[in-house]
Amino acid sequence: MCGIVGAIGYETTTEILLKGLERLEYRGYDSAGLYINDQTGHDYLVKTVGKIATLKSAVKPTVQGSLGIAHTRWATHGQPSEANAHPQFSTSQRFYLVHNGVINNFTALKQQYLADTHFASQTDTEVLVQLIAKFVEQEQLTTLAALQKTLQLVNGSYALILVDRDQPDQLYIAKNKSPLLIGLGEQGNVVTSDALATYDLTDQYLELHDQEIAAVSADQVQLLTLQGASQTRQPITITVTDGEVSKGTYPTYMLKEIDEQPAVMRRISQKYLTAAGEPQIDPNLLTALAQADRLYFVAAGTSYHASLVGKRLFEKFTQIPVEVGVASEFGYHWPILAQHPFFIFLSQSGETADSRQVLIEAKRRGLPTLVITNVTNSTLARESDFHLDLYAGPEIAVASTKAYTAQIAVEAVLAKALGTYLKLPAAEEWSLQTQLGLAANGMETLVDNKQGWSDLANNFLGASQDAFYLGRGIDYDVSLEAALKLKEISYVHTEGFAAGELKHGTIALIEENVPVITFITEASTAGHTRGNVQEVLARGAQVLVIASEDCQQADDQIVLPQLTPELMPLLTGVCGQLLAYYATLQRGLNVDQPRNLAKSVTVE
Ligand code: AGP
């Protein structure tokens, strides 16, 4: 999703904005721009399509000032173009605005209030800045009052910064459903959608809540509700280290984050288990979960796939039925709920709009909610009743890797803690401390064999534009995730399929040399899956079998160390990540920032 950075009171505003945008590149974007004002009557607007490097080369050394706003755009309304890039500005060129979110009623607002306005772009954002200008220039409202009036007409999501060039000592900001933070610096203040952009300037941040606005000057912040009621809030500390956000010696963030997974397993073990290996979970959360007669997992993408594994863990250890929903579907088609539902949201970013809309409705219905996320101060974490951290460290690459395996590990901790709380025998079947240790060691074995994975990707996936992942049970859950990994970064059209279901139609797509990758780690279904392997081999597919020790056969290409079957996704998931990574490199594609994708999907 779009990235936003604003700064006021600094002499190095241009550098701050450009560095901030570079740190937000991982969120995904297609164009960028900035507006700088030197507060003595000179101002500059620079917008380009493509990467930040292009914007940087277009910013002349004279573009300096002590107030500025900048933006990376992930196109929602209007194709990537200079005109559609932000900052958007009023016809009078007095007002400049950057925005992350979607204005649902922008067309109606245009028709009702701006019928005679010439629009320079196709964006919903331009409607905001033109409306503000109209209310100031034609109705003589103050800029703050015009912003309030405009936002009271708006239906949609926004994180925005507005500049009035006739008042260049203030940044006007507002937030609804999209994240926005005010960084309290020494020389001045910054505004950003993500503290990763400005962590070297401050670790003190004020979070804006929905329907709040603020006037930010170099040395003070006036925080208000949209209706104008003054708000006070204590800053939170957000610390980010260079090591966490830099690639270090790695060529890509994704490879660094794949390699970090053993350490993440060990960190989760340290954070959530006692020295004796017993899970440590907030007893209030366990008490609340124990009241449930059904658990509802709601998530998107990779987090949805991790939720599928979570269903198996929770039903095994707690005997509580679990439903798993795709957030964007669940949000508009609520099922008939059980008497005592409990909602669990997995979200690496903690900002996914599809998931958040379900969380808001669950809270409206007075239902208990837990968010398991990698971003402690995220919107979802803040708005849920309970939240658990993944402790995976910032995940910069768009393709989620360490967050996926961390989600499964934390689900296992919580499921066992709840099973133990409910005094159910299954929770004692195996030691989580032992299993997470074995998982970390197994992951190390996998990531230490990079050449092997590169060769396998090259020999097996080669230049193919189609591929299948097959599995049964938990191996089907991982097949869905491995397929997403491969298609989202290599653009190979990949299907994750239930092995037994293939013959009911889709096997028609199997022809000579189609790559089929099969996970076989579940003893109870291994024989059937191997039968399905024969079915695709008979039709010319080339098959790669990834099996666990207990399920292996002589000619399997990859045999994985044996974990308890419920945690084998910690290893099969890494196999899918490595195959996707090397297949993408071999296609010469951008592993960290695949086309069309965003790291944090803050629009529905
Ligand atoms: C995963 O590789 C993708 N980047 C995407 O599917 C992601 O998992 C999905 O958008 C959900 O994001 P979240 O975990 O931050 O809610």
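The values are calculated or read from the model by the stated rules, or taken from the named source; none is laboratory data. Because the structure is a prediction, the values reported are computed rather than measured. Every residue, glycine as well, gets a Cβ built from its backbone with ideal geometry; the counts of neighbours run over all protein chains shown. Accessible surface areas use protein heavy atoms only, side chains included; no ligands, DNA or RNA. Shrake-Rupley method; radii C 1.70, N 1.55, O 1.52, S 1.80 Å.
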Next on the checklist: Exactly one condition in (1) at pLDDT 95 or above; (2) part of a helix (DSSP H, G or I); (3) more than 14 Å from the ligand (Cβ to nearest atom) is false for residue 382; which is it?
Outcome noted: (1)
Checklist entry - So which residues in segment 429-484 are outside any helix (DSSP H, G or I) and over 23 Å from residue 505 (Cα atoms)? => result 429, 430, 431, 448, 449, 462, 463
Checklist outcome for this item: Considering only strands (runs of 3 or more DSSP E) wholly within segment 485-604, the ones with at least 2 residues that are more than 15 Å from the ligand (Cβ to nearest atom) and open to solvent by less than 10 Å² (accessible area, probe 1.4 Å) are 515-520, 542-548
Checklist entry - Filter segment 54-67 for residues that are of a type in the set (Gly, Ala, Ser) and surrounded by 12 or more Cβ atoms within 10 Å (Cβ to Cβ); which is nearest to residue 81 (Cα to Cα)? => result 58
Checklist entry - residue 265 is checked against (1) over 23 Å from the mean Cα position of the chain (by Cα); (2) buried (at least 24 other Cβ atoms within 10 Å of the Cβ) and fails just one. What number does that condition carry? => result (1)
Checklist entry - Do any residues in segment 515-541 that are of a type in the set (Asp, Glu) have Cβ atoms under 7 Å from those of residues that are crowded, with 22+ Cβ neighbours inside 10 Å, where the two are at least six apart or on different chains, and which pairs are they? => result 522/472; 522/474; 522/475
Checklist entry - Out of segment 308-358, which residues are within 16 Å of the ligand (Cβ to nearest atom) and free of Cβ contacts under 8 Å to residues at least 40 places away in the same chain? => result 324, 325, 326, 327, 329, 330, 350
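Show me the helices (runs of 4 or more DSSP H) entirely contained within segment 78-185 in which 2 or more residues are among the small types (Gly, Ala, Ser).
Per the criteria, 143-153.
Just name the residue that is surrounded by the fewest Cβ atoms within 10 Å (Cβ to Cβ) out of those in segment 377-412 that are out of contact with any helix residue (DSSP H, G or I) (no Cβ under 9 Å at 6 or more places or on another chain) and in contact (Cβ under 8 Å) with a residue 60 or more places away in the chain. Outline the logic, then answer.
Here is the first cut: in segment 377-412, the ones out of contact with any helix residue (DSSP H, G or I) (no Cβ under 9 Å at 6 or more places or on another chain) are 378, 381-382.
If we keep only those that are in contact (Cβ under 8 Å) with a residue 60 or more places away in the chain too, we end up with 378, 382.
Values: 378: 24, 382: 15.
Selected residue: 382.
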Item to check | So residue 480, is it more than 20 Å from residue 585 (Cβ to Cβ) and among the aliphatic types (A, V, I, L, M) | outcome: yes
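How many residues are part of a strand (DSSP E or B) and surrounded by fewer than 21 Cβ atoms within 10 Å (Cβ to Cβ) if we restrict to segment 27-45? If you could, list the steps in order and put the result at the bottom.
Initial filter on segment 27-45 (part of a strand (DSSP E or B)): 31-37, 43-45.
Cutting the leftovers down to surrounded by fewer than 21 Cβ atoms within 10 Å (Cβ to Cβ) gives us 43-45.
Of the residues in that region, 3 qualify.
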Item to check | Matching option when the condition is more than 23 Å from residue 30 (Cβ to Cβ), among the β-branched types (Val, Ile, Thr) and open to solvent by less than 30 Å² (accessible area, probe 1.4 Å), among 102, 136, 127 | outcome: 136
Checklist entry - Which of (1) under 17 Å from residue 545 (Cα atoms); (2) among the basic types (Lys, Arg); (3) without any contact (Cβ under 8 Å) to a residue 24 or more places away in the chain does residue 423 not meet, given it meets every other one? => result (1)
Item to check | Filter result (in a loop (DSSP other than H, G, I, E, B) and either within 15 Å of the ligand (Cβ to nearest atom) or within 24 Å of residue 484 (Cα to Cα) (or both)) within segment 256-307 | outcome: 260, 300
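Determine, yes or no, whether residue 208 is touching a Phe, Trp or Tyr at 6+ places or on another chain (Cβ under 9 Å) and either modelled with pLDDT under 95 or open to solvent by 10 Å² or more (accessible area, probe 1.4 Å) (or both). Write out each step before concluding.
Details: touching a Phe, Trp or Tyr at 6+ places or on another chain (Cβ under 9 Å): no; either modelled with pLDDT under 95 or open to solvent by 10 Å² or more (accessible area, probe 1.4 Å) (or both): yes.
It is false that residue 208 is touching a Phe, Trp or Tyr at 6+ places or on another chain (Cβ under 9 Å) and either modelled with pLDDT under 95 or open to solvent by 10 Å² or more (accessible area, probe 1.4 Å) (or both).
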Checklist outcome for this item: Counting only residues in segment 108-140 that are among the polar types (S, T, N, Q) and touching a strand residue (DSSP E or B) at 6+ places or on another chain (Cβ under 9 Å), the one modelled with the highest pLDDT is identified as 130
Checklist entry - If the Cβ limit is 8 Å and pairs must be 6+ apart or interchain, which residue in segment 359-372 that is part of a helix (DSSP H, G or I) pairs with which residue that is of a type in the set (Val, Ile, Thr) and crowded, with 17+ Cβ neighbours inside 10 Å? => result 359/298; 359/369; 359/371; 362/369; 363/369
Checklist outcome for this item: Pairing a residue in segment 110-124 that is closer than 15 Å to residue 150 by Cβ with any residue that is of a type in the set (Phe, Trp, Tyr) and open to solvent by less than 90 Å² (accessible area, probe 1.4 Å), where Cβ atoms lie under 8 Å and the two sit 6 or more apart in sequence or on different chains, gives 110/119; 124/106
Next on the checklist: Every residue in segment 165-199 that is among the charged types (D, E, K, R) and surrounded by fewer than 24 Cβ atoms within 10 Å (Cβ to Cβ), please.
Outcome noted: 165, 166, 169, 177, 186
Item to check | Subset of segment 546-572 (residues that are touching a strand residue (DSSP E or B) at 6+ places or on another chain (Cβ under 7 Å) and of a type in the set (Val, Ile, Thr)) | outcome: 546, 558, 559, 572
Checklist outcome for this item: A careful count of residues in segment 66-77 that are in contact with a Gly (Cβ under 7 Å, 6 or more places away or on another chain) and either in a loop (DSSP other than H, G, I, E, B) or at positive phi (or both) gives 2
Item to check | Where residue 101 falls short, out of the listed (1) among the small types (Gly, Ala, Ser); (2) over 23 Å from the mean Cα position of the chain (by Cα); (3) within 30 Å of residue 141 (Cβ to Cβ) | outcome: (2)
Checklist entry - Counting only residues that are away from the ligand (no atom under 14 Å from the Cβ) and either open to solvent by 20 Å² or more (accessible area, probe 1.4 Å) or within 13 Å of the chain's Cα centre (by Cα) (or both), how many does segment 359-376 have? => result 8
